[in-house]
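Here the structure comes first, spelled out in structure tokens, and everything after it is commentary.
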Amino acid sequence: MIIYGDGPREIRQLERMIQKLQALLDDLVAIGEGDLPGQDRLEDAPLIDNWHLSTREIVCLRGEISGHPRLGYAPHGITSDLWLLAPQRGFARTISRYYRLGSQTKGFDG
């Protein structure tokens, strides 16, 4: 997640995130079209041994959501993964949509 403050550091951080997401999107589109990675593509990839599925926490926003296209009004709503937070600009971007930011409560429940 990026907290956007209009500075050069945040711009560089955003550019790096865009590059990562574009590479992921390009790979997913290729796989969806049947272009699976070959041994030449995977030979330099890191090896993960003794692996298993796991979960980890991800940053999101929690609050009173109104005007959501699917939920309508959700007094105790939770957003999808938060990718960019621009409190000075009054908006946030999750993986699925923009949110306008209203009043903020103090704290972090993560």
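Before moving on, here are some points about what is shown:
- Test: residue in the stretch 55-74 that is farther than 30 Å from Lys106 by Cβ and under 19 Å from the mean Cα position of the chain (by Cα): no
- Residues of the stretch 96-110 classified as outside any strand (DSSP E or B) and open to solvent by 100 Å² or more (accessible area, probe 1.4 Å), total: 6
- Scanning the stretch 52-66 for residues that are touching a strand residue (DSSP E or B) at 6+ places or on another chain (Cβ under 8 Å), open to solvent by 60 Å² or more (accessible area, probe 1.4 Å) and either more than 20 Å from Ile3 (Cα to Cα) or among the small types (Gly, Ala, Ser) (or both) gives Glu64, Ser66.
- Residue pairs whose Cβ atoms lie under 8 Å apart, sitting 6 or more positions apart in sequence or on different chains, and linking a residue in the stretch 70-94 that is closer than 15 Å to Gly5 by Cβ and open to solvent by less than 80 Å² (accessible area, probe 1.4 Å) to a partner that is among the polar types (S, T, N, Q) and not in a strand (DSSP E or B), are Pro87/Gln104; Ala92/Thr79.
- Here the stretch 1-49 is the region considered, the condition is being within 30 Å of Pro87 (Cα to Cα) and open to solvent by 100 Å² or more (accessible area, probe 1.4 Å), and the residue that is modelled with the lowest pLDDT is Arg9.
The values are calculated or read from the model by the stated rules, or taken from the named source; none is laboratory data. Just so it is clear, the structure is predicted and the values come from calculations on it, not from any experiment. Positions of Cβ are backbone-derived with ideal geometry, glycine not excepted, and every protein chain shown enters the neighbour counts. For the accessible areas, the whole protein counts, side chains as well, though only heavy atoms, and no ligand, DNA or RNA atoms are used. Shrake-Rupley method; radii C 1.70, N 1.55, O 1.52, S 1.80 Å.
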